[in-house]
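Shown next, in structure tokens, is the structure this report addresses.
The values are calculated or read from the model by the stated rules, or taken from the named source; none is laboratory data. Model, not experiment: these values are computed from the prediction. Cβ: placed from backbone, ideal geometry, glycine included. Neighbour counts: every protein chain shown.
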Amino acid sequence: MFGNMPELKIGHLRAKLPIIQGGMGVGISLSSLASAVANEGGIGIIAAVGIGMNGGAIEGDFHEANAEALRQEIRTARSKTDGLIGVNVMIALTDADRLIEVSVEEDVDVVIMGAGLPLKLPRFIIEKGFDNIRTRFIPIVSSSRAAELIFSHWGKKYSHIPDAVIVEGPLAGGHLGFKSAELFQAANTLENLIADVISAMKPFERQFQRPIPVIAAGGIYTGEDIYKFLQLGAAGVQMATRFVTTGECDADIRFKEMYLDCQESDLRIIESPVGLPGRAIDNEFLQSVVEGEKKPFKCPWKCLRTCNFEKVPYCIAKALILARRGKFYYGFAFAGANAWRAEKIISVHELMDAIKNEFRHESRIMRPDKTQSRPCLAFDHA
Ligand SMILES: Cc1cc2nc3c(=O)[nH]c(=O)nc-3n(C[C@H](O)[C@H](O)[C@H](O)COP(=O)(O)O)c2cc1C
């Protein structure tokens with residue numbers, strides 16, 4: 001693997017670059033970012049969570065507002081690119097099935113299922129039959145156990161398995177698939193998890209007679225990182241944090257500036273009302289939650305299966321949608337462990353060029369026959 005990045009193959013799909021842009025809710029990755037990534041040869045992902053709230057307060061049916069907004073967003077993305085477009089659906093959402101249904105109706109290339117184990121498939125998929133659906137399905141897992149559970153359940157119940165699997169490690173942004181105590185255990189590094197999941201997929205590859213691409217996510221920031229994970233056997237990577245500081249990212253400029261202004265020490269783990277830990281940039285809003293100043297609220301939506309709105313101190317959907325609009329007094333920004341590294345806002349085209357160069361450079365340095373002829377550096381003799 002020397003020089004250019006290889007393409008990513010998922011079933012019949014071919015992405016020119018092995019990069020999936022991670023779905024970012026609420027409203028951080030919509031049609032603008034997703035189509036820009038797709039135009040560069042990656043897979044652009046629209047985050048479906050709370051998508052109907054982007055235009056302001058929802059009056060009427062919350063679920064139908066989300067479904068309609070998602071449909072429009074997919075169509076807008078399609079109008080801007082011929083590349084590969086997908087949708088991220090959080091399984092913990094009460095309208096997850098409906099959002100998957102709209103994505104399939106709109107023929108998106110991939111549906112990525114995060115924040116929960118997608119064991120029970122929506123009825124319309126079973127009725128339609130996988131052979132009549134072009135969309136490829138990809139769960140996100142944080143352990144080989146979760147991957148095995150999903151693949152063996154689908155295999156037994158549906159005689160079909162997901163088309164690829166994303167392994168998300170503990171350095172990711174947003175909700176994390178670990179208990180807080182497990183986050184920093186050595187066994188849970190992304191490097192270890194990737195190796196575990198690749199070997200856990202072997203029996204399914206044999207049984208179903210097809211390759212299962214394993215995609216690495218969480219803390220992958222540079223072309224060097226991509227090179228490393230491809231060498232470890234990943235077929236591609238999912239990256240989110242690095243795409244936030246692009247001109248095309250769908251968030252308000254103040255959201256992107258939170259990333260530019262933060263320090264490494266500002267990134268912290270929070271206990272989210274979703275019932276999972278999450279990584280975010282610390283701010284006054286999060287401080288006031290810790291200090292117990294936020295109180296249980298009324299909930300007009302019940303958007304999450306796992307949120308007990310009478311007990312949790314704030315509405316996470318509201319906090320995230322307001323942060324997306326730059327109103328940090330009322331909310332906060334999710335971010336991956338590398339968010340502090342961003343220095344300026346650039347276009348997705350410039351970012352992809354930078355990543356390609358980083359990858360090329362790393363592949364040259366790591367090429368075995370080149371290591372001998374590496375130029376002598378001053379500190380080599382120190
Ligand atoms: C602002 C933000 C919002 C996110 N929202 C979602 C989401 O709605 N659904 C999901 O499955 N993952 C979500 N994620 C996780 C990303 O899709 C991705 O897998 C992860 O952040 C990868 O790590 P990286 O950010 O270090 O590249 C989010 C991440 C960030 C930074």
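Can you go through Ala187, Ala181, Ala172 and tell me which one is in a helix (DSSP H, G or I) and under 25 Å from Leu230 (Cβ atoms)?
Values: Ala181 fails: under 25 Å from Leu230 (Cβ atoms); Ala172 fails: in a helix (DSSP H, G or I).
After applying the criteria, what remains is Ala187.
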Taking first residues from region 303-314 that are more than 20 Å from Glu291 (Cα to Cα) and second residues anywhere that are hydroxyl-bearing (Ser, Thr, Tyr) and at pLDDT 80 or above, the pairs with Cβ under 7 Å that are 6 or more apart or on different chains are Cys303/Thr94; Leu304/Thr94; Arg305/Thr94
Taking region 27-67 and keeping only residues that are more than 16 Å from the ligand (Cβ to nearest atom) and at pLDDT below 95, one is left with Gly55, Gly56, Ala57, Ile58, Glu59, Gly60, Asp61, Phe62, His63, Glu64, Ala65, Ala67
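Do you know which of the residues in region 221-251 that are within 18 Å of Pro170 (Cα to Cα) and in a loop (DSSP other than H, G, I, E, B) is nearest to the ligand (Cβ to nearest atom)?
That would be Ala240.
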TODO: Answer yes if at least one residue in region 191-209 is within 21 Å of Ile112 (Cα to Cα) and within 15 Å of the chain's Cα centre (by Cα), and no otherwise.
DONE: no
Expected output for region 149-163 (first residue farther than 14 Å from Arg136 by Cβ, partner hydroxyl-bearing (Ser, Thr, Tyr), Cβ below 9 Å, 6+ apart or cross-chain) is none
Reported set for region 263-295 where residues are closer than 23 Å to Ala115 by Cα and either part of a loop (DSSP other than H, G, I, E, B) or assigned by TED's automatic domain parsing to the domain that holds Asp97 (or both) is Ser272, Pro273, Val274, Gly275, Leu276, Asp282
